[in-house]
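The values are calculated or read from the model by the stated rules, or taken from the named source; none is laboratory data. The model shown is predicted, which means the values in this text are computed figures rather than measured ones. Glycine also receives a Cβ, built like all others from the backbone with ideal geometry; neighbour counts cover every protein chain displayed.
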Amino acid sequence: MSVSNQNLALKRTVPVFVRPRTDAFLVKCANYLNFVETYLASMNVQNPYLRVLDSGAETEVLRNGKTLIMLGSNNYLGLSTHPVVVKAVKKAIDIYGTGCCSSRPLAGTTSLHVELEKELAEFKSAEASLLFSTGYMTMMGTICALAGENDVIFSDQLNHASIIDGIKLAKAQIRVFRHSDMAHLEELLAACDPEANKLIVTDGVFSMKGDLANLPEIKNLADRYGAWIMIDDAHGSGVMGENGRGVAEHFGLEGEIDLVCCTFSKVFGTVGGAVAARRDVIEFLKFNSRPFVFTASLPPSVVATVLASLRVLKGSPHLLRNLRKNAQILKDGLTALGFPVMATPTPIIPIPLGNDEKVFRLAWALEDEGVFVNPIVPPAVSAESSLIRVTAMATHTEEELEFALDRFKLVGRRLGLI
């Protein structure tokens, strides 16, 4: 036997000590599932999340063969099923197929991507814009590319998770100011090193409460303390402002905000997002935002959806009028019934109940009666702020809204909520 074979034989006779496998990950999952089951059983309700729908995001949806009035969609203008939009999507698939099969910097940029970026920049009164594959990625990818360890980010307490995660990835210093508390924001800015790079980040419309950022005062403070401003206009784009251009238009600050982000999964009826800013900033992001560089490009059909939706929005001012009218009908009707409706300038209508059990019971009872709403509990809101989130659409008919309000009345009285 050769020396090498002898060594191999010796190795085979030596016992190999392997650390025994543990099922810690399975235990973690099982513990979570047990907690959820126990938690729901204590209230005698079913899990109200991941409910399966068998139709598009219209004013009426199908679930388990039953028609429900949809009061839980972010399809504010009803564009996801608009015939002009659907036609544009089909045409894009015929020309480009189903996807680019590449990242944007390599082979994932089509003429549609370039066209949409140009039109979005104009829509947002910016020099340029950049598409991301999700709205979440837009916020996260912009923040972590621009900010670093020596920079300071000032973040509203109720900002979306995509902002929080972007700050964590950037490893920037974070200063959280109380929700819309401008005195607290100024206190934090004043205490900051004057030479530090400072970025104030806020939602434009806060998606759970439906209120707006105090953009005029944020702009005043940013100018005073030398900070940049970044807004997540996910629920403001296509909704706020006379022409639907967003929260900056609503406050008369178009072209004065450094970074304006929008999401395509609300008004624009699909998935994806974009950031609008100065041209040099956009060029920097193209090669320094890792989520942009290393993610597959948006499919051309998705880009065509947003382009068509944007053009329908700009040419259909009646949609915004209908949206605001319908939101007011719901707000007035729910208030008249005695529900604790939070006053908001948006089509988001929160009904705070402050108790998870009440929220779940109301959501399920409304579904039984033909109305779909969203129950919102921690971690989406604080423990004492559980609520039912109602949203209006421009395409709701008065008959649909009357039916929904009648069901709210019936269920609210049955559950002792009004």
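For the reader, a short list of remarks on this structure follows.
So that you can scan it fast, the table gives a plain yes or no per residue for (1) assigned by TED's automatic domain parsing to the domain that holds residue 207; (2) in contact with a helix residue (DSSP H, G or I) (Cβ under 8 Å, 6 or more places away or on another chain); (3) over 17 Å from residue 59 (Cβ atoms); (4) of a type in the set (D, E, K, R):
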site: 337; (1), (2), (3), (4): no, yes, yes, no
site: 380; (1), (2), (3), (4): no, no, yes, no
site: 383; (1), (2), (3), (4): no, no, yes, no
site: 395; (1), (2), (3), (4): no, yes, no, no
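- Residues of region 325-370 classified as under 19 Å from residue 382 (Cβ atoms) and hydroxyl-bearing (Ser, Thr, Tyr), total: 1
- Selection over region 96-115 of residues that are within 24 Å of the chain's Cα centre (by Cα) and of a type in the set (Gly, Ala, Ser) gives a count of 2.
- Output for region 271-303, where each listed residue is closer than 11 Å to residue 131 by Cβ, of a type outside the set (A, V, I, L, M, F, W, C) and part of a helix (DSSP H, G or I): 286
- Extreme residue, farthest from the chain's Cα centre (by Cα), among residues of region 250-270 that are in a loop (DSSP other than H, G, I, E, B) and within 12 Å of residue 134 (Cα to Cα): 270
- One residue alone among 190, 183 is free of Cβ contacts under 8 Å to residues at least 24 places away in the same chain and under 13 Å from residue 221 (Cα atoms), and that residue is 183.
- Taken together, 196, 183 contain a single residue that is surrounded by fewer than 24 Cβ atoms within 10 Å (Cβ to Cβ), assigned to a helix (DSSP H, G or I) and outside the structural domain of residue 321 (by TED's automatic domain parsing), which is 183.
- Test for residue 407: is it assigned to a strand (DSSP E or B), in the same structural domain as residue 50 (by TED's automatic domain parsing) and either surrounded by fewer than 19 Cβ atoms within 10 Å (Cβ to Cβ) or not polar (S, T, N, Q) (or both): no
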